[in-house]
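What follows is a structure written as structure tokens; I'll ask about it next.
The values are calculated or read from the model by the stated rules, or taken from the named source; none is laboratory data. Being a predicted model, the structure only gives us computed values, none of them experimental. Every residue, glycine as well, gets a Cβ built from its backbone with ideal geometry; the counts of neighbours run over all protein chains shown. Ligands, DNA and RNA are stripped out before the accessible areas are found, and what is left, the full protein with its side chains, is counted by its heavy atoms. Shrake-Rupley method; radii C 1.70, N 1.55, O 1.52, S 1.80 Å.
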Amino acid sequence: MDVVNQLVAQGQFTILKQPLGFIKALQWIFAIFAFSTCGSYSGMFKMSVECKNRSESDLGIEVEFEYPFRLHQVYFDAPTCKEGRTERLFLIGDYSSSAEFFVTIGVFSFLYSMAALSVYCFILEKYRENNKGAQTDFVVTAVFAFMWLVSSCAWAKGLSDVKTATDPERVIALIAACEEPENRCREVYDPKVSGLNTSVAFGFINLILWVGNLWFVFKETGWMAAFAGTYVPSQEKQPAPDSFGQGGYGQQDPYAGSQGGYQPDYGQQGGYNEDGGYSQGYEQQPTSYSNQM
């Protein structure tokens, strides 16, 4: 286990610790469980027909069936309780379409999950480049989520019909000898369908995984950022026009010097002269005031 942790901690396998890669790994595993429990199934049930004449009885009629559940092709021989003859009977129903559809979705989900994990681990940079890989992944994930919904519901209905068609009590009703009151017919062994029940459960688990994975793939597409970027608040202040920067608010304060305040010019020549007047450093004609009587 320590070796696996070191392998994941180093390199690009760290994506398996993130929801994007971890859920994809779960999808890969549960897809195997789904199509294997359905596609590898084979079952059997047993009945007995006890005739009035014991020598004509058959106490161990075995009927075997398997995936893809074309039950109308499954037959067995039952005694007629008349002169030692037998009759060949077939089960009722063909449920291969729903079963094969379910298994097909499971196989393709397994292959796509394995391919996606390879992309995540080895070329994650290209996957996120321009968001094209993530957008394609989101569309395919949405399609598989819908396909798991359809296939799981279809197979659940198909399995219910398979259970009905392979119920020994219903099959006994097909035997003509069992209609005679002097003959005794009964079921000996019921078919075990727990594996098929598990396959339906795995189908809906896959549905939950693929629907849940949509959110984590959606965050990689960049669509969320695109939607957020198109929103412009109506109360947002508009920038000031350029005219304010040319005259008015943008004018330089004539009293502001290079050091940020009014700097008096101490270099001006001015002061009191000997005549008692004040002379300034400005070049202008002196003005004299005389008192006129």
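In nm, to one decimal, how far is the LYS163 label point from the ARG70 one, both placed 7 Å along Cα→Cβ?
Here the modelled spin labels are 2.6 nm apart.
Let me ask something else about it. Once each part is reduced to its C-alpha centroid, what is the distance from segment 169-202 to segment 129-159 in angstrom?
Computed from Cα coordinates, the inter-centre distance equals 37 Å.
Pop a pseudo-label 7 angstrom from the Cα along the beta-carbon direction at both PHE108 and GLU129 and give the gap in nm to one decimal.
With each label point 7 Å from Cα toward Cβ, the separation is 2.8 nm.
Further question: Rounded to a whole number, what % of the accessible area of segment 9-220 do carbon and sulfur atoms account for, probe 1.4 Å?
59
Compute the distribution of all C-alpha to C-alpha distances in segment 9-220, in bins of 10 Å from 0, and list the percent of pairs in each, rounded to whole numbers.
For segment 9-220, the pair-distance distribution reads 8, 28, 21, 16, 12, 8, 5, 2, 0.
Another one. Kindly state, to the nearest 0.05, the FRET efficiency for ILE208 paired with ASP94, given R0 = 30 Å and r defined as their beta-carbon distance.
Once the sixth-power term is evaluated, E becomes 0.50.
Using a simple spin-label model with points 7 Å from Cα along the Cα→Cβ vector, what separation in nm is obtained for VAL140 and GLU83?
Calculated label separation equals 6.6 nm.
Could I ask something else about it? In segment 9-220, what is the count of Lys pairs whose alpha carbons are under 30 Å apart, counting only pairs at least 8 residues apart or on separate chains?
16
Tell me the accessible surface of LEU89 in square angstrom (1.4 angstrom probe, heavy atoms of protein chains only), to the nearest ten.
Counting only protein heavy atoms, LEU89 exposes about 30 Å² to solvent.
Given the options PHE146, TYR95, VAL63, identify the residue whose Cα lies farthest towards the positive end of the charge dipole of segment 1-146 (+1 on Cβ of Lys, Arg; -1 on Cβ of Asp, Glu).
PHE146
Which distance in Å, rounded to a whole number, links the C-alpha centroids of segment 43-100 and segment 14-29?
Answer, in whole Å: 47.
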